[in-house]
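**Student:** Take this structure, written in structure tokens, and hold onto it; I'll ask about it next.
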Amino acid sequence: MKTLIRNAVVVTMNEQNDLIDNGSVVIDGNRLSYVGPAEWTPPGPFDRMIDASRMIAMPGMVNAHCHSPANLVRGMMPSKPLEIWRAYYRASLRDMREEDFYASALLGGVEMLKAGATTVLDHFAGNQACRFMGAGAAIQAMRDLGLRHVVSLTITDKNYEETIPLGETHSTLDDEIKRMSASEAKSTTAWLDECEAFIETFHAPEKLTTACPGPSAVQRCTDELLTGAAEIARKKNLPMHIHLAETKAQAVMGKQLYATSLLQHLGSIGVLRPNLSLAHSIWIEPTDIELFAKSGATPVHNPASNLRIGSGLAPVKQFISAGVTVALGTDGAASNDGQNMFDALRLVALIHNQAGTDFNEWIVPAQALAMATRNGARAFGLDAGVLAPGKLADLVLLRRDTPAFTPLNDVMGQLVFCENGSSVDTVIVNGEVVVESGRLTKVDEPEVLRLAEQARTRLDPSIQRELQAARTLEPALAEMYFRVFGKRQ
Ligand SMILES: [Zn+2]
């Protein structure tokens, strides 16, 4: 199958961020075979021609961090610090079954594709009552949609109460928190075996699936689990994903456990490699920035989630100045509350412009777009995120007869500051058209919404019961939060 897209404004997102005012893109199978000026378009024949004379072509975006089970509880979680928020969010997972994970991943996938994301990293944590916690159902949903996906299975072999700095409040919390985390911890070898079996079962790039290890967070795993997971990824040439220093409480816990920063600890046990991507990376030390740069690992910035639950701001400008490649994500819909990468683009280009800082370092549209495209692809070892010959054919066509692009002053500036996803017309993943004229081609959207409604309704009694239980934890977790920040409640 050979496709010609002609007369588009092409935003290549190559290293030079080249723009082509009137360009053509040729897709041969699942790869791009030509990206360049329209007047040099290679001769056909073509099986399909797309007239893009009123369109902008850009690489499909890479949503570099989310949790697909969270899509059913968008908009309903309290804006409270992560440790408290997490107790509430866990309530929604308690009774989820395969069909719920499927519906939730479908819902998020629909939102992502329609807003121009062609790849997602799903840091999957579900319910131990299901095989691989239900990750197989999420993978099926993303295959059904035609969305490329990297699914990192979340593993943790420490009890949750040992991984947050509860101090003296520990005993008052014990029972409830143990009950909530009982469903998560497993022995180190059991998790490593499960992780290998998961990869064996699902890793299939030709079906758009990269399956890989996803240790929950540094302080939530033993060193044996971290190094074992890294070894699995190394042997199989896979990426690995982890949460790093999302909150101050986590950084405090890291110091207690390791007497160094969480990142330095990863470095000291040999896990910090170019294939590692680290969600958040907020509460790090100045020397960690250099360590990131040397390692080639990728911090993943999730601006909406970080603002929603007040986690803090990652030092994105310092990362960029030091040559660190930063990727961009939405995080789960329980802390975002959607999966729209245009939101992330706009936020990352706004929130780091703080009064009194060096405005020469403020994030410009090309940097934001690089985070959302080629940097994410690089983090996961995918040959995508750039429109260039030889790359995977993952791309988006946006209409430019919309308010966001009228008049067309500065295409990159308008993609970042003006667009919200509603101009997306056509989305192509792996050479296949999965969104056409703004509509999904492979699944029926009203049916997806119906499945999501149905799942949420069925889960409601369990969610209400578990939310009530989570409320009992809040006072002690709040006490910890204020103590960590040296404040009295
Ligand atoms: Zn996360």
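The values are calculated or read from the model by the stated rules, or taken from the named source; none is laboratory data. Source: prediction; values computed, not measured. Note that we place each Cβ from the backbone using ideal geometry, even for glycine, and neighbour counts take in every protein chain shown.
**Student:** Checking L173 against (1) at pLDDT 95 or above; (2) part of a helix (DSSP H, G or I): exactly one of these is not met. Which one?
**Tutor:** Evaluating L173 over (1) at pLDDT 95 or above; (2) part of a helix (DSSP H, G or I) leaves (1) as the failure.
**Student:** Checking S187 against (1) at pLDDT below 95; (2) touching a Cys at 6+ places or on another chain (Cβ under 7 Å); (3) polar (S, T, N, Q): exactly one of these is not met. Which one?
**Tutor:** Of (1) at pLDDT below 95; (2) touching a Cys at 6+ places or on another chain (Cβ under 7 Å); (3) polar (S, T, N, Q), only one is false for S187: (2).
**Student:** Let me ask something else. Regarding region 406-416, can at least one residue be identified that is modelled with pLDDT of 95 or more, of a type in the set (G, A, S), outside the structural domain of G36 (by TED's automatic domain parsing) and touching a helix residue (DSSP H, G or I) at 6+ places or on another chain (Cβ under 8 Å)?
**Tutor:** Looking for residues that are modelled with pLDDT of 95 or more, of a type in the set (G, A, S), outside the structural domain of G36 (by TED's automatic domain parsing) and touching a helix residue (DSSP H, G or I) at 6+ places or on another chain (Cβ under 8 Å), one finds none in region 406-416, hence no.
**Student:** For region 375-385, indicate whether the set of residues that are of a type in the set (F, W, Y), part of a loop (DSSP other than H, G, I, E, B) and buried (at least 21 other Cβ atoms within 10 Å of the Cβ) is non-empty.
**Tutor:** Yes: one or more hits.
**Student:** Tally up the residues in region 283-299 that are within 16 Å of the ligand (Cβ to nearest atom) and in contact with a Ser or Thr (Cβ under 6 Å, 6 or more places away or on another chain), please.
**Tutor:** Final tally of qualifying residues: 2.
**Student:** Among helices (runs of 4 or more DSSP H) lying entirely in region 75-151, which contain 3 or more residues that are over 30 Å from F482 (Cα atoms)?
**Tutor:** 98-114, 135-145
**Student:** Being under 19 Å from the mean Cα position of the chain (by Cα) and either under 30 Å from L72 (Cβ atoms) or assigned by TED's automatic domain parsing to the domain that holds E419 (or both): is that true of A333 here?
**Tutor:** Yes: the conditions hold for A333.
**Student:** Only residues that are surrounded by 24 or more Cβ atoms within 10 Å (Cβ to Cβ) and polar (S, T, N, Q): list them for region 120-153, please.
**Tutor:** Scanning region 120-153 gives a single hit, S152.
**Student:** Assigned to a strand (DSSP E or B), within 30 Å of E196 (Cβ to Cβ) and either assigned by TED's automatic domain parsing to the domain that holds L121 or within 18 Å of the chain's Cα centre (by Cα) (or both), is that true of H265?
**Tutor:** Judged against the criteria, H265 is not a match.
**Student:** Applying the selection to region 337-383, what residues are touching a strand residue (DSSP E or B) at 6+ places or on another chain (Cβ under 6 Å) and within 16 Å of the ligand (Cβ to nearest atom)?
**Tutor:** M341, A344, G376, A379, F380
**Student:** Related question: What's the total number of residues in region 305-336 that are crowded, with 21+ Cβ neighbours inside 10 Å and within 14 Å of the ligand (Cβ to nearest atom)?
**Tutor:** Going through region 305-336 one residue at a time, the tally reaches 15.
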